[in-house]
Each structure stands twice: as C-alpha cells, then as structure tokens.
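Asker: I have a structure here, written as structure tokens, and I will follow up with some questions on it.
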Amino acid sequence: MSLTFRSADSVAFDIISLGEIMLRFDPGDGRVRTTRRFVVWEGGGDYNVARGLRRCFGKRAAVVTAFADNDIGRLLEDFILQGGVDTRFIKWAEFDGLGRNVRNGLNFTEKGFGVRGAKGTPDRGLTAAMQMKPGDIDWEEVFGKQGSRWFHTGGIFAALSETTAELTIEACKAAKKHGTIVSYDLNYRPSLWKSIGGLAKAQEVNREVAKYVDVMIGNEEDFTASLGFEVEGVSEHVTGLQVDNFKDMIKRAVADFPNFQVVATTLRDHQRLGRDMLARRRVPRSQPLAEAGNLRPRRRR
C-alpha cells in the first residue's frame with residue numbers, strides 16, 4: 001500500500017466529504033407509523049466519515065453539500081457545527097416558502113427488534129443536494145487554495161440525480177489534480193439508480209469515477225453491480241459467498257483500475273463480520289474484525 005499525502009501544514013483540512021446530509025428522525029424503540037415523538041439529528045453516509053474523523057481523532061474536517069435556506073437547513077448547519085465540521089463549502093439555495101422548488105432531506109429511521117429488521121423511510125425529493133450540478137462548487141478554491149489531504153464521497157450521492165453523478169466525477173477529477181487522496185464508497189442502491197438509468201447508468205458513472213479513486217470501498221454486491229465485474233460464485237444477488245472467488249474479483253478490479261491503492265470491504269457470512277483489505281499489487285488478506293485490533297462487532301444503531 002502506498003498513499004502519498006499532501007503535507008498537513010500545506011492544506012486547511014485533513015478530510016473533505018461530498019454528499020447529502022439529511023435531518024434524521026428517530027422514534028426510539030417505537031415505530032415511525034405509531035410514534036408521537038422523535039429525536040432528531042443530522043446524518044449522511046459521506047458526511048459521517050468526516051464527522052467521525054473530527055470527533056474521534058481531532059482531524060480538520062469540512063463538508064461540501066447544499067441546503068435550502070430555511071430553518072430546517074439552519075438546524076442542519078447547527079448540528080454540523082456542533083460536530084466540529086467546517087461549513088464554509090455549503091451551497092445555500094433560496095427557499096420558495098413552500099418547498100415546491102427546493103427542500104431539505106428528511107430520513108425517518110427505526111431500529112430493528114427481534115425478527116423485525118431496521119427500516120428507513122427517506123423523504124428526499126427535490127432536495128437542494130440532489131439538484132447540485134457541475135459548476136456549483138469552486139473546486140479550485142476547495143482543493144487548490146484551501147486544500148485537503150483526503151476527499152471522500154460515494155455512490156449514494158452520485159445516484160441522487162443525473163447532475164450529482166456529473167458533479168461527483170468533476171469533484172474527483174479536481175481532487176486528483178491537486179494531489180488529494182480520493183476514497184469512494186460504492187454503496188450500490190438499486191432504488192436510487194432506477195429512475196436515472198438503472199444498472200447500466202450505475203456502471204457507467206462508477207467506472208468513470210473509479211479512474212480517479214485511490215481507496216475503493218464496497219461489498220460483494222457493490223463490485224458486481226456498480227463496476228460490472230463477474231466472477232464465478234459472485235454476483236449482485238450474492239448467496240453462499242465464496243471468499244476466494246471474491247478475492248479473485250478484487251484482483252481483477254485492481255488489474256482494471258491500477259490507480260486503486262487500497263480496496264476495502266466488509267463481508268458477512270452467517271452473521272459473522274469480517275474485514276478484507278487489498279493493497280495494490282499484493283495478495284488480498286482477510287481477517288475477522290474480532291482479531292483486527294481487538295475490535296468487536298456492535299449492534300446496529
């Protein structure tokens with residue numbers, strides 16, 4: 001593995017993420033359909049990476065996203081600031097007073113219990129983030145004048161609309177131009193890609209993004225569906241996963257995209273969590289999480 005970082009004193013940030021941030025509604029131990037009370041906070045897959053690095057390790061973090069300029073957007077901004085993440089790159093969209101033209105995303109989530117799985121009900125149509133497009137963000141300011149050692153984004157944001165897909169590619173190109181490490185979480189969601197071209201569009205976009213990625217993250221379904229790799233025993237409908245076959249697929253991914261310095265994935269088989277990581281031009285190695293730094297699986301929250 002060989003990742004070359006920009007020096008810390010030459011940039012303003014250690015990590016910048018690009019993605020949608022929604023207001024999350026949590027009914028506690030109840031159900032969304034029956035509760036009369038929610039606890040709210042902010043959340044977004046790409047943003048969570050930046051916030052986690054800020055809160056856990058004290059890294060300088062910033063987020064690139066967009067909000068409708070109303071009280072909900074300002075509440076989200078306040079949550080982000082409380083997490084210590086810089087908000088200077090947020091794009092504010094004028095609110096029309098109704099939400100006919102632009103909104104902020106809401107995400108209603110409930111915990112699983114017993115045989116009942118966890119469930120999420122997003123309400124994210126017409127959000128400011130999904131309307132972001134190439135040219136909205138001054139990437140020369142973000143990665144050139146300000147600068148960051150690491151940039152993270154993923155397939156959920158890319159799948160929100162035709163324009164967010166284009167913006168994701170634009171951002172990754174700009175980051176690489178300025179020597180910033182790029183990580184990308186494939187995170188394939190068929191429901192998001194369905195209305196903008198489905199599986200074919202997902203592969204078109206993700207294979208273009210992959211050209212600029214140093215650290216690629218995804219599970220077995222992500223690599224087969226998002227990048228179009230087909231290896232015996234591995235498909236987008238994975239059952240009875242054969243780990244050796246999956247390792248073969250990772251080797252092929254690195255062969256097709258030699259810019260990949262690290263490929264990281266989590267595999268679950270019979271409720272056992274595992275970790276796999278591939279360093280470029282090295283044999284993939286797998287290790288149960290329980291043996292990796294004394295980590296222990298945690299219940300989903």
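Asker: May I ask you to say which residue of Lys91, Lys59 is surrounded by fewer than 16 Cβ atoms within 10 Å (Cβ to Cβ) and more than 30 Å from Thr34 (Cβ to Cβ)?
Answerer: Details: Lys59 fails: surrounded by fewer than 16 Cβ atoms within 10 Å (Cβ to Cβ).
Selected residue: Lys91, the only one of Lys91, Lys59 that is surrounded by fewer than 16 Cβ atoms within 10 Å (Cβ to Cβ) and more than 30 Å from Thr34 (Cβ to Cβ).
Asker: Answer with yes or no whether Lys111 is farther than 20 Å from Tyr184 by Cα and modelled with pLDDT under 95. Break it down stepwise before answering.
Answerer: Details: farther than 20 Å from Tyr184 by Cα: yes; modelled with pLDDT under 95: yes.
Yes: the conditions hold for Lys111.
Asker: Tell me whether segment 26-38 contains one or more residues that are aromatic (Phe, Trp, Tyr) and either in a helix (DSSP H, G or I) or within 20 Å of the chain's Cα centre (by Cα) (or both).
Answerer: no
Asker: Here is a follow-up. Taking into account only those residues within segment 15-60 that are β-branched (Val, Ile, Thr) and touching a residue at least 40 places away in the same chain (Cβ under 8 Å), which is nearest to Leu126 (Cα to Cα)?
Answerer: Looking only at segment 15-60, we keep the residues that are β-branched (Val, Ile, Thr), and these are 15-16, 21, 32, 34-35, 39-40, 49.
This time we only want the ones that are touching a residue at least 40 places away in the same chain (Cβ under 8 Å), so: 15-16, 21, 32, 49.
Details: Ile15: 28, Ile16: 24, Ile21: 14, Val32: 22, Val49: 24 Å.
The selected residue is Ile21.
Asker: Further question: Enumerate the helices (runs of 4 or more DSSP H) found wholly within segment 162-236, keeping only those where 3 or more residues are surrounded by fewer than 16 Cβ atoms within 10 Å (Cβ to Cβ) and touching a Gly at 6+ places or on another chain (Cβ under 8 Å). Working first, answer last.
Answerer: On the way: elements: 162-177, 190-193, 198-210, 220-227.
It comes to none.
Residue-by-condition table, conditions (1) touching a Ser or Thr at 6+ places or on another chain (Cβ under 9 Å); (2) within 24 Å of Trp139 (Cβ to Cβ); (3) free of Cβ contacts under 8 Å to residues at least 60 places away in the same chain:
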| site | (1), (2), (3) |
| --- | --- |
| Cys172 | yes, yes, yes |
| Thr180 | yes, yes, no |
| Tyr184 | yes, yes, yes |
| Ser191 | no, no, yes |
| Gln203 | yes, no, yes |
| Lys211 | no, yes, yes |
| Thr224 | yes, no, yes |
| Leu227 | no, no, yes |
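Asker: Can you find, within segment 97-127, the residue that is surrounded by the most Cβ atoms within 10 Å (Cβ to Cβ) among those that are part of a loop (DSSP other than H, G, I, E, B) and out of contact with any strand residue (DSSP E or B) (no Cβ under 9 Å at 6 or more places or on another chain)? Spell out how you get there, then give the answer.
Answerer: Initial filter on segment 97-127 (part of a loop (DSSP other than H, G, I, E, B)): 97-102, 104-105, 111-112, 114-115, 117-118, 124-126.
Going one step further and asking which of them are out of contact with any strand residue (DSSP E or B) (no Cβ under 9 Å at 6 or more places or on another chain), we end up with 97-98, 100, 114-115, 117.
Values: Gly97: 8, Leu98: 8, Arg100: 8, Gly114: 5, Val115: 5, Gly117: 10.
For segment 97-127, the residue satisfying everything is Gly117.
Asker: Yes or no: Ile16 surrounded by 15 or more Cβ atoms within 10 Å (Cβ to Cβ), assigned to a strand (DSSP E or B) and among the hydrophobic types (A, V, I, L, M, F, W, C)? Walk me through how you get there before you give the answer.
Answerer: Values: surrounded by 15 or more Cβ atoms within 10 Å (Cβ to Cβ): yes; assigned to a strand (DSSP E or B): yes; among the hydrophobic types (A, V, I, L, M, F, W, C): yes.
Yes; evaluated as a whole, the condition is true for this residue.
Asker: Pick from segment 26-56 the residues that are polar (S, T, N, Q) and surrounded by 14 or more Cβ atoms within 10 Å (Cβ to Cβ): which of them is nearest to Ile137 (Cα to Cα)? If you could, list the steps in order and put the result at the bottom.
Answerer: Just the residues of segment 26-56 that are polar (S, T, N, Q), to begin with: 34-35, 48.
Filter once more, so that each one left must be surrounded by 14 or more Cβ atoms within 10 Å (Cβ to Cβ): 35, 48.
On the way: Thr35: 39, Asn48: 20 Å.
Among those that are polar (S, T, N, Q) and surrounded by 14 or more Cβ atoms within 10 Å (Cβ to Cβ), it is Asn48.
Asker: Shifting gears a bit: Can Ala93 be described as over 18 Å from Val142 (Cα atoms), in the same structural domain as Asp138 (by TED's automatic domain parsing) and either among the small types (Gly, Ala, Ser) or over 18 Å from the mean Cα position of the chain (by Cα) (or both)?
Answerer: Details: over 18 Å from Val142 (Cα atoms): yes; in the same structural domain as Asp138 (by TED's automatic domain parsing): yes; either among the small types (Gly, Ala, Ser) or over 18 Å from the mean Cα position of the chain (by Cα) (or both): yes.
Yes.
The values are calculated or read from the model by the stated rules, or taken from the named source; none is laboratory data. Here the structure is a predicted model, which is why all the values come from computation and not from measurement. Neighbour counts run over all protein chains shown; Cβ positions are idealised from the backbone, glycine included.
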